[in-house]
Amino acid sequence: MATITFDTLKFVERLKAAGIPEGQAKAEAEALQGAFAEALDSQLATKRDIDRLERRMDGMEAKLTGELTLVKWMLALVIAAQVIPMAAKLFK
């Protein structure tokens, strides 16, 4: 789980200095800290998430490379099947 550094004491002191009652300032600090935690949990990827995604991408790359190799060979055979008879007619 991702975390964020949030100094609730400093936040409360700033609010108190601005004229907010201490109880309200503490409640706002707790609410803000909870909002940060919730946002981070749902929005940020962890190292494990990134590693998992990289492994999936590596697997997809290997699969695509294999499929492209197959397509290249098939295309070469199709071209050869067209060119060989034409070349045979030219050199008769």
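Since every read-out is calculated from the coordinates, none of them should be taken as a lab result. On a predicted model such as this, the values are computed, not experimentally measured, just so you know. Backbone-built Cβ (ideal geometry, glycine too); neighbour counts: all protein chains shown.
Laid out as a table, the results:
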read-out: Segment Arg55-Glu30, extension gain: residue separation times 0.36 nm, minus the distance between their alpha carbons; value: 5.2 nm
read-out: Segment Leu64-Ala17, extension gain: residue separation times 0.36 nm, minus the distance between their alpha carbons; value: 10.8 nm
read-out: Lys/Arg +1, Asp/Glu -1 at C-beta; the chain dipole; positive extreme among Ala17, Leu64, Ala29; value: Leu64
read-out: Rg/Rg_globular for the chain, with Rg_globular taken as 2.2 N^0.38 Å and Rg from C-alpha atoms; value: 2.60
read-out: Pair Ser42, Leu9: separation of 7 Å Cα→Cβ label points (nm); value: 3.2
read-out: P(r) of the stretch 21-63 over all Cα-Cα pairs, binned every 10 Å from zero, in whole percent; value: 24, 25, 20, 15, 10, 5, 0
read-out: Simple Cβ-charge dipole of the chain, Lys/Arg +1 and Asp/Glu -1, about Cα centre, in debye nearest 20; value: 860
read-out: Sorted peptide list for 55-66, 30-41, criterion being average Cβ within 10 angstrom, highest first; value: 30-41, 55-66
read-out: Cα pair count fraction exceeding 16 Å, expressed as % - the stretch 1-44; value: 39
